[in-house]
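Here's the structure we're looking at; comments come further down.
The values are calculated or read from the model by the stated rules, or taken from the named source; none is laboratory data. Because the structure is predicted, anything quoted here is derived from the model rather than measured. Cβ atoms come from the backbone with ideal geometry, glycine included; neighbour counts cover every protein chain shown.
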Amino acid sequence: MPKIDLVLLHAPSVYDFRKESILYGPISDLVPSTPVFELYPIGFTTIAEYLERHGYRVRIVNLAVRMLNDPRFDPEKMIRSLKPLAFGIDLHWMAHAHGAIEVAKLVKKHHPETPVILGGFSASYFHQELLREYQVVDYVVRGDSTEEPMLQLMRHIRGSKAPSATAGGPPLSDIPNLAWRDAKGEVHANPLSYAPTDLNHVLMDYSYVVRAVARDRDLASYIPFKHWLKYPITAALTCRGCFHNCHTCGGSATTFRQVFARRKPAFRAPEDLAQDIRNIGRFSNGPVFVLGDIRQAGLDYATRFLEAVRGLNHPLMFEFFGPISSQFMEMVAEAVPDFTIEISPESHSEEVRYAFGRRYSNEELERTIAYALEAGCRRFDLFFMIGLPRQTYQSVMETIAYCEHLMQRFDSGPDKRLFPFISPMAPFLDPGSRVWEDPEAYGYRLLYRTVEEHRQALVQPSWKYVLNYETKWMSRDEIVDSTYEAGLRLNRLKARYGLVDPRQAEITERRILKARRLIEQIDDVMSITDGGRRRKLLRALKPQVDGANLSTVCEKSELELPLGWLKLNFHKAALLLAGDLWARLWRRKSPVEVQS
Ligand code: B12
Ligand code: SF4
């Protein structure tokens with residue numbers, strides 16, 4: 001088997017989550033992952049595909065999902081067995097501050113000479129601290145587009161390992177976006193000079209993953225999240241960057257400009273985006289989530305995209321950043337009849353919504369819902385959030401009352417397609433967001449600032465102590481209390497309006513009440529000053545804590561579209577693989593090798 005050049009490792013949020021007793025709370029209820037945040041960045045697949053296209057061999061190992069799915073899986077043994085030229089670890093989401101560093105330590109323990117490369121949004125933001133404070137990190141590749149800088153870094157690494165006669169590769173100081181430590185321990189950050197203005201250089205259709213799974217005979221390491229085989233949702237990315245400036249978002253226009261040197265979003269050509277979706281349909285019948293509002297690049301872009309996907313017989317999920325006109329809704333419905341929509345008004349209160357950075361009224365929102373349902377939208381998800389500027393406990397409860405108003409208006413008949421959800425902004429306020437940079441100006445108090453503080457926060461016994469912020473309007477206690485109370489009320493409403501099965505609602509209610517009791521018990525234990533006793537008591541709570549950790553305020557299945565039994569198209573995937581195998585055999589016979 002040819003040698004692997006790069007292994008991309010995705011760590012769990014907290015490395016030893018299987019041993020620690022942590023009440024994670026509803027921090028991941030509204031995304032496909034569990035609180036371990038086992039989903040790896042889409043960028044793993046684009047980096048891997050780009051490097052493979054240039055003659056490097058890359059393997060993805062989702063340690064988090066393997067640890068979740070198999071209690072006997074030993075991540076250290078796995079890391080020891082891998083012998084690539086370099087390891088890459090994502091610190092994209094700050095929630096991985098613990099796991100990513102612990103995995104880097106394990107890599108260095110077993111492969112002290114092998115370079116460890118970190119990348120992703122949070123690594124980019126904290127590159128100085130990471131290289132200064134953690135000797136286990138050798139490089140940070142900054143930016144939202146690292147395929148080309150990674151290629152240059154791999155050339156450097158391969159060159160430095162080669163016998164001197166053939167050594168090559170650019171010097172570290174020439175690699176765009178790279179931050180590195182020299183022999184004297186000094187940290188250097190090369191300019192962020194690579195921020196491509198389009199996404200034509202990357203392939204975003206998962207074909208690399210399908211091929212790599214067969215080649216490495218290791219489906220278990222490539223699975224994106226725990227239940228993916230049951231619910232194979234995939235994503236298609238319209239762009240990198242954003243035109244908007246929601247104040248708590250670490251992926252806002254301001255953050256992209258300041259942290260990734262991106263002046264405006266880079267869009268995938270609409271026809272390529274449509275082709276990505278068609279390619280996904282070659283191996284999966286599951287829904288495709290079109291990430292980023294397709295109207296962001298203008299109506300012409302959206303129209304071209306809809307034209308290019310016209311007739312697609314595949315469930316598409318669209319996210320829209322604001323109200324939608326009836327004409328546009330009809331255009332969507334006409335092009336892709338099997339579509340769902342999600343919008344995040346964040347609060348029922350227009351004052352809070354405005355203070356968050358979203359400027360539209362409830363009237364516009366309700367009109368949008370009405371148009372969508374009328375146009376045949378299969379389902380409409382509404383997302384509300386807790387922990388916003390100007391939001392009080394009372395205001396959160398009013399959001400739930402507003403949800404009832406919406407259910408009365410749209411869900412009271414047999415047609416139940418409007419689904420509201422609520423969750424806290426957790427575990428962290430985003431690094432690099434406007435609020436992060438100037439918390440007081442927005443009424444926030446930031447409790448942790450450094451990677452190390454976040455790393456330690458993540459192993460606190462309950463999510464209340466993990467949260468890195470509180471606001472002028474709500475303390476951490478109130479954020480937690482309002483979350484559970486809102487969860488309880490919304491769950492009862494959903495049962496009343498027939499959006500969830502009453503038996504399921506009862507289970508959810510019991511789980512919320514249990515989580516609430518546990519929070520109180522943990523608070524009591526935390527007030528004990530004897531550290532040894534405190535640890536012992538917390539450990540004793542672990543079985544109960546584990547039982548309360550999954551899907552606290554709503555069931556994951558509430559987010560899912562009902563699918564037929566055949567979600568992964570094994571037949572088509574096999575044909576895809578056969579085609580690929582044939583191409584590779586043919587290439588092996590060809591005298592022209594791919595040059596790096
Ligand atoms: C799409 C998206 C998602 C998708 C994930 C899709 C995926 N698998 O990547 C979903 C909806 C599932 C999601 C979930 C979450 N998200 Co999100 N998400 C986004 C969003 C809207 C776009 C991200 C994007 O464009 N990525 C594309 C590009 C930029 O990244 P990429 O291709 O994956 O990776 C490139 C670089 O980042 C880098 N890179 C990444 N990893 C690595 C590793 C190495 C070694 C290297 C060298 C480079 C590298 O190179 C890649 C290729 O060029 C952003 C907001 C925004 N406007 O950016 C928020 C954002 C990234 N998410 C955020 C958060 C907080 C979350 C959650 C923690 C929320 C929650 N509590 O549930 C979860 C985490 C889920 C998990 N890991 O299990 C924050 C992150 C802030 C931070 N610094 O921590 C953001 C910035 C804004 C927000 N609040 O939503 N998210
Ligand atoms: S939350 Fe706002 S700023 Fe962040 S990605 Fe979404 S629309 Fe853009």
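Structure notes:
- Of the strands (runs of 3 or more DSSP E) lying entirely inside the range 412-480, those containing at least 2 residues that are in contact (Cβ under 8 Å) with a residue 60 or more places away in the chain and more than 30 Å from residue 378 (Cβ to Cβ) are 469-471.
- Filtering the range 213-235 for residues that are small (Gly, Ala, Ser) and within 16 Å of ligand 2 (Cβ to nearest atom) leaves a non-empty set.
- Inclusion of residue 258 among residues that are within 14 Å of ligand 1 (Cβ to nearest atom), modelled with pLDDT of 95 or more, over 17 Å from the mean Cα position of the chain (by Cα) and not in a helix (DSSP H, G or I) is not warranted.
- Of all residues in the range 288-300, those that are of a type in the set (S, T, N, Q) have Cβ atoms under 7 Å from Cβ atoms of residues that are within 13 Å of ligand 2 (Cβ to nearest atom) and part of a strand (DSSP E or B), 6 or more apart or on another chain, in 296/239.
- Long-range neighbours under 6 Å by Cβ, at least six apart or interchain, first residue under 17 Å from residue 328 (Cβ atoms) and part of a strand (DSSP E or B) within the range 356-385, second within 16 Å of ligand 1 (Cβ to nearest atom) and not small (Gly, Ala, Ser): 380/341
- Filter pass, residue 7 being touching a residue at least 24 places away in the same chain (Cβ under 8 Å) and in a helix (DSSP H, G or I): no
- Residues located in the range 332-379, provided they are of a type in the set (D, E, K, R), surrounded by fewer than 16 Cβ atoms within 10 Å (Cβ to Cβ) and farther than 26 Å from residue 301 by Cα: 351, 363
For every residue, the table says whether it meets (1) part of a helix (DSSP H, G or I); (2) more than 13 Å from ligand 1 (Cβ to nearest atom).
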| site | (1), (2) |
| --- | --- |
| 208 | yes, no |
| 212 | yes, yes |
| 224 | no, no |
| 229 | no, yes |
| 243 | no, no |
| 249 | no, no |
| 254 | yes, no |
| 286 | no, yes |
| 290 | no, no |
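- Selection status of residue 287, farther than 24 Å from residue 345 by Cα and surrounded by 20 or more Cβ atoms within 10 Å (Cβ to Cβ): no
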